[in-house]
Amino acid sequence: MNLLSLHTFLGWTSGALFSLLNLILLKRLAKLLADSLPSKRQLILLIFLKFGLLYPVGLALLFLKVVSLGAFTCGFSAVLVWSVFHVMRPSPEKVRND
C-alpha cells in the first residue's frame, strides 16, 4: 500500500469514525436532556466528550493535514447518509400491513 492510499484510507476511516462517535454522543445527549431529571454528572461528561475532546481531535486531524480532507468528508458524509436511510426505513410491522 503506498503512502497516498494510506493517507486516503485514514481520512475516510477517521471521517466515518468521527461522524459515528458524534451521532452516538448526540443521541445520548438528547436522551439525557429528554429525561425529567437528567444526571448533571453524565451531562457534563457527554458535553466534555463531544465538545472538549471529539471536536478538537477532529480539527487537529484536519488542520495538521494528518488525513485527506476529501476522504475525511466522504467518510463523514457516508455515515450521515447511512443514518438518515436507517432512520427513514419503514418498520417491519408497517411493511407486513401493506
>> Against the definition (aliphatic (A, V, I, L, M) and either touching a Pro at 6+ places or on another chain (Cβ under 7 Å) or surrounded by 14 or more Cβ atoms within 10 Å (Cβ to Cβ) (or both)), how does VAL66 come out, yes or no?
In response: no
>> Test of understanding: among ARG28, ARG41, which residue is basic (Lys, Arg), in contact with a helix residue (DSSP H, G or I) (Cβ under 8 Å, 6 or more places away or on another chain) and free of Cβ contacts under 8 Å to residues at least 24 places away in the same chain?
In response: ARG28
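Does GLY58 count as within 18 Å of the chain's Cα centre (by Cα) and either over 17 Å from SER14 (Cα atoms) or at pLDDT 90 or above (or both)?
When the stated conditions are applied, GLY58 does not pass them.
The values are calculated or read from the model by the stated rules, or taken from the named source; none is laboratory data. Quick caveat, the model's predicted, so the values are computed rather than measured. Please note: Cβ atoms are built from the backbone with ideal geometry, for glycine as well, and neighbour counts cover all protein chains shown.
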